[in-house]
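*Asks:* Have a look at this one before I ask anything.
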Amino acid sequence: MFDLKNTNQNQAQNNNPQSGQTMQNAQEIIESEKAYEQGELKVRDIIAPASMRVQADHLELNGVLVRTLFITQYPRYINVGWFSPVINLSATMDIGMYFYPVSSDIVLNQLKKKVGNLEAQLIEDQEKGAPRDPMRQTALQDIEQLREALTQGTEHFFQYALYITIYAQEKKQLDKLTEQLEMLFGSKLVQSRRALWQTEQGFNSTLPLANDELGISANLNTSPAASSFPFVSSDLSSDSGILYGINRHNNSLILFDRFSLPNANSVVFATSGAGKSYSVKLEVLRSMMMGTDVIIIDPEREYEHLSEAVGGAYINISLNSESKINPFDLPKAVGDQSGAADIIRGSVITLKGLVRLMLGDLNNQEDSIVDRALLETFAKKDITAQSDLASITPPLMQDFQEILQGMEGGAGLSERLAKYTKGTFAGLLNEPTNVDINNQLVVFSVRDLEDELRPMAVYTIVNYIWNIVRSSLKKRILVIDEAWWLMQHDDSAKFIFALVKRARKYYLGVTTITQDVNDFLGNQYGQAIVTNSALQLLLRQSPASIDNVVKTFLLTEGEKFLLLEGSVGEGIFFAGNKHAAIKVVASYTEDQIITSDPRQLLEIEQAKKDFANS
């Protein structure tokens with residue numbers, strides 16, 4: 001058969017050889033492009049596994065076994081950082097978290113229906129005389145709290161999905177790692193399951209593609225959802241400072257210099273036996289190694305052994321002791337170069353607070369009489385605005401009483417003051433100062449004082465220390481143990497607050513310790529002291545005070561239960577805007593020096609006796 005088409009093409013090519021060459025070149029280009037596309041290397045070709053086998057309970061990727069676990073249920077309360085043991089596990093894993101916000105209106109409407117059902121069931125049980133169902137009542141309380149938080153906008157609601165994909169070389173190793181993860185979740189009362197028959201979907205859900213192919217989530221509000229976030233630990237390790245403890249979130253060291261903060265003040269709140277004195281003594285010991293002077297007010301002789309160990313000065317203040325402090329002492333020199341008139345005026349205000357502690361509340365007339373009497377008492381010793389305070393002899397309480405006795409309207413006050421100058425309490429506040437605090441560690445013990453005299457004695461000691469601090473500028477820490485005594489009286493609470501507020505100016509850090517949190521925080525000055533303390537340590541709290549602590553320090557539910565259930569020396573450490581869960585740790589030698597355990601102290605004393613007799 002004659003091919004007209006080919007004949008025509010050949011004739012055309014013969015007639016136009018250049019056109020035929022162009023068509024051939026175009027065909028070659030097309031073939032080259034096809035070959036290039038077939039041989040082109042894409043990114044997915046590099047990262048994709050060469051082979052994949054899908055099994056019922058795992059995948060095989062290039063010979064590596066892969067398994068995915070997902071979380072199905074969470075406990076009623078969950079601590080912040082509960083996911084840290086999984087994050088810090090020494091194993092290769094991929095973790096996928098998916099947060100699906102749910103409208104508050106939808107949640108509130110569903111919760112309203114749930115509340116109605118629960119209340120109806122509780123009423124029905126009550127009418128039938130059935131026993132109380134604690135599960136329903138607890139659920140009702142939780143729902144009411146959640147409704148309130150959602151309405152106020154402090155909480156939001158999410159559907160939260162959490163997947164963990166693990167890798168192993170052998171099946172036995174994969175099973176062991178899976179069981180280890182399941183045990184970690186079980187210890188937190190978190191229920192997990194393996195992605196059976198969905199291994200490929202589970203693997204894809206933990207790839208960095210934000211593609212949730214499993215779609216298994218739990219309903220959580222903001223706080224518990226945030227507690228699962230893997231990067232929750234605050235790094236409190238600085239280039240200088242002392243070791244306060246171990247960060248329980250990531251086992252890092254909490255190294256901090258309190259004097260690097262806007263102020264060096266600290267508060268320590270803990271119930272009895274939680275380790276507050278132990279923690280403070282450890283800080284004192286390590287601060288002394290850095291050259292810091294420390295002054296302690298010791299109400300229970302807890303710091304005596306520490307003072308002996310480091311060669312400190314231990315001063316016992318009591319009615320019968322030889323150590324005395326005169327409340328009329330004035331600072332010899334002042335760091336802010338205040339004039340003598342300002343110093344005398346400030347001392348009169350401080351002494352009026354002491355007189356109120358001694359005599360009780362004063363009316364306006366009595367307050368005016370005391371004010372004039374104090375000025376005249378200083379004037380009697382030639383202490384005026386023109387005096388050189390470095391060479392004066394301060395008056396005594398007896399001089400003040402005599403001035404009151406000779407003033408119109410002051411006889412009654414003088415009579416009430418007599419027990420502190422001539423009566424039962426004459427040995428405490430009516431003697432010249434004879435204590436020597438020229439030591440790196442100075443401890444004032446007030447254990448042997450009657451409870452009635454303790455607030456006055458501590459007030460006088462703190463005022464004396466304040467005068468010393470103002471007289472010479474040094475890096476110092478002042479520790480006030482059981483500070484709730486001073487919070488019981490407005491004048492002493494006001495004085496401590498003023499001290500805390502002005503301490504930074506004189507290179508002083510005030511550490512306030514208390515176990516009676518409610519009494520301390522219930523006072524307006526106690527709240528102000530916390531606000532003016534950049535360093536805060538919360539150890540185990542009692543259920544009676546935990547709500548007050550949560551409100552003051554804005555703690556989460558997880559942090560609240562950490563403080564309720566923590567062991568000795570465990571709590572939360574605040575430094576400025578950062579905070580972390582802490583565990584206070586000491587070496588063996590430090591522990592022997594700072595321990596307050598009576599059993600350990602007896603063993604140490606016995607060891608000393610055995611050494612002396614040998």
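*Asks:* Name the single residue that is nearest to the chain's Cα centre (by Cα) among those in the range 152-174 being assigned to a helix (DSSP H, G or I) and farther than 28 Å from Gly215 by Cα.
*Replies:* Per the criteria, the residue is Gln152.
*Asks:* Within the range 252-266, is even one residue over 30 Å from Leu111 (Cβ atoms), hydroxyl-bearing (Ser, Thr, Tyr) and in contact with an Asp or Glu (Cβ under 6 Å, 6 or more places away or on another chain)?
*Replies:* So far as the range 252-266 goes, no, none of its residues is over 30 Å from Leu111 (Cβ atoms), hydroxyl-bearing (Ser, Thr, Tyr) and in contact with an Asp or Glu (Cβ under 6 Å, 6 or more places away or on another chain).
*Asks:* Need the failing condition index for Glu200 against (1) surrounded by 14 or more Cβ atoms within 10 Å (Cβ to Cβ); (2) within 35 Å of the chain's Cα centre (by Cα), just the number.
*Replies:* Condition not satisfied by Glu200: (2).
*Asks:* Between Leu255, Leu285, Leu220, which is touching a residue at least 40 places away in the same chain (Cβ under 8 Å) and part of a strand (DSSP E or B)?
*Replies:* Leu220
*Asks:* Please go through (1) in the same structural domain as His156 (by TED's automatic domain parsing); (2) within 29 Å of Gln198 (Cβ to Cβ) for Ala48 and return the number of the only condition it doesn't satisfy.
*Replies:* Result: Ala48 passes all but (1).
*Asks:* Looking only at residues that are acidic (Asp, Glu) and either under 17 Å from Ile344 (Cβ atoms) or in a loop (DSSP other than H, G, I, E, B) (or both) in the range 361-379, which one is nearest to the chain's Cα centre (by Cα)?
*Replies:* Out of the qualifying residues, it is Asp361.
*Asks:* I would also like to ask the following. Confirm whether Val500 is touching a strand residue (DSSP E or B) at 6+ places or on another chain (Cβ under 9 Å), part of a helix (DSSP H, G or I) and in contact (Cβ under 8 Å) with a residue 12 or more places away in the chain.
*Replies:* yes
*Asks:* Give Val517, Val510 a once-over and let me know the one that is out of contact with any Phe, Trp or Tyr (no Cβ under 6 Å at 6 or more places or on another chain) and of a type outside the set (Gly, Ala, Ser).
*Replies:* Val510
*Asks:* Just checking, how many residues over the range 49-76 are surrounded by 12 or more Cβ atoms within 10 Å (Cβ to Cβ) and either at pLDDT below 80 or part of a loop (DSSP other than H, G, I, E, B) (or both)?
*Replies:* The number of residues fulfilling the criteria is 6.
*Asks:* Residues that are in contact with a Gly (Cβ under 8 Å, 6 or more places away or on another chain), in contact (Cβ under 8 Å) with a residue 12 or more places away in the chain, buried (at least 17 other Cβ atoms within 10 Å of the Cβ) and not assigned by TED's automatic domain parsing to the domain that holds Ile496: does the range 394-406 have at least one?
*Replies:* yes
*Asks:* Whether any residue in the range 438-457 is surrounded by fewer than 21 Cβ atoms within 10 Å (Cβ to Cβ), of a type in the set (D, E, K, R) and in contact with a Leu (Cβ under 6 Å, 6 or more places away or on another chain) is what I want to check.
*Replies:* no
*Asks:* Right, here's the next one. Just the residues that are crowded, with 22+ Cβ neighbours inside 10 Å and of a type in the set (D, E, K, R), please, taken from the range 510-555.
*Replies:* Arg540
*Asks:* Hey, another quick one. Do you know which of the residues in the range 266-282 that are among the hydroxyl-bearing types (Ser, Thr, Tyr) and assigned to a loop (DSSP other than H, G, I, E, B) is surrounded by the fewest Cβ atoms within 10 Å (Cβ to Cβ)?
*Replies:* Ser272
*Asks:* Would you say Tyr98 is at pLDDT 80 or above and surrounded by 14 or more Cβ atoms within 10 Å (Cβ to Cβ)?
*Replies:* When the stated conditions are applied, Tyr98 passes them.
*Asks:* Let me ask you something else. Have a look at Glu124, Glu60, Glu119 and point out the one that is in contact (Cβ under 8 Å) with a residue 12 or more places away in the chain and of a type in the set (Asp, Glu).
*Replies:* Glu119
*Asks:* Would you check if Arg447 is touching an Asp or Glu at 6+ places or on another chain (Cβ under 6 Å) and either of a type in the set (A, V, I, L, M) or assigned by TED's automatic domain parsing to the domain that holds Ser272 (or both)?
*Replies:* Yes: the conditions hold for Arg447.
*Asks:* Tyr506 - would you say it is in contact with a Gly (Cβ under 6 Å, 6 or more places away or on another chain), of a type in the set (Phe, Trp, Tyr) and either free of Cβ contacts under 8 Å to residues at least 12 places away in the same chain or under 30 Å from Val310 (Cα atoms) (or both)?
*Replies:* yes
*Asks:* Next up: Just one of Glu304, Glu322, Glu308 is surrounded by fewer than 18 Cβ atoms within 10 Å (Cβ to Cβ) and free of Cβ contacts under 8 Å to residues at least 24 places away in the same chain; which is it?
*Replies:* Glu308
*Asks:* So, of the residues in the range 77-93 that are touching a strand residue (DSSP E or B) at 6+ places or on another chain (Cβ under 8 Å) and crowded, with 19+ Cβ neighbours inside 10 Å, which turns out to be farthest from Gly571 (Cα to Cα)?
*Replies:* Val86
*Asks:* Would you mind finding the one in Ser205, Ser192, Ser238 that is touching an Asp or Glu at 6+ places or on another chain (Cβ under 7 Å) and surrounded by fewer than 17 Cβ atoms within 10 Å (Cβ to Cβ)?
*Replies:* Unique residue meeting the criteria: Ser238.
*Asks:* Suppose the filter is among the polar types (S, T, N, Q), under 30 Å from the mean Cα position of the chain (by Cα), at pLDDT below 80 and not assigned by TED's automatic domain parsing to the domain that holds Pro331; does Ser492 pass it?
*Replies:* yes
*Asks:* Go through Gly339, Gly353, Gly335 for me and flag whichever is closer than 27 Å to Ala390 by Cα, modelled with pLDDT of 85 or more and outside the structural domain of Val469 (by TED's automatic domain parsing).
*Replies:* Criteria check complete, one pass: Gly353.
*Asks:* Restricting the search to the range 380-396, which residues are in a loop (DSSP other than H, G, I, E, B) and in contact with a helix residue (DSSP H, G or I) (Cβ under 6 Å, 6 or more places away or on another chain)?
*Replies:* Answer for the range 380-396, where residues must be in a loop (DSSP other than H, G, I, E, B) and in contact with a helix residue (DSSP H, G or I) (Cβ under 6 Å, 6 or more places away or on another chain): Ala385, Ser387, Pro395.
*Asks:* Can you work out which of the residues in the range 72-126 that are touching a Lys or Arg at 6+ places or on another chain (Cβ under 8 Å) and of a type in the set (Val, Ile, Thr) is nearest to Leu146 (Cα to Cα)?
*Replies:* My answer is Val115.
The values are calculated or read from the model by the stated rules, or taken from the named source; none is laboratory data. If you're wondering where the values come from, they're calculated on a predicted model, not measured in any experiment. Because the Cβ atoms are built from the backbone with ideal geometry, glycine has one as well, and the counts that use them run over all protein chains shown.
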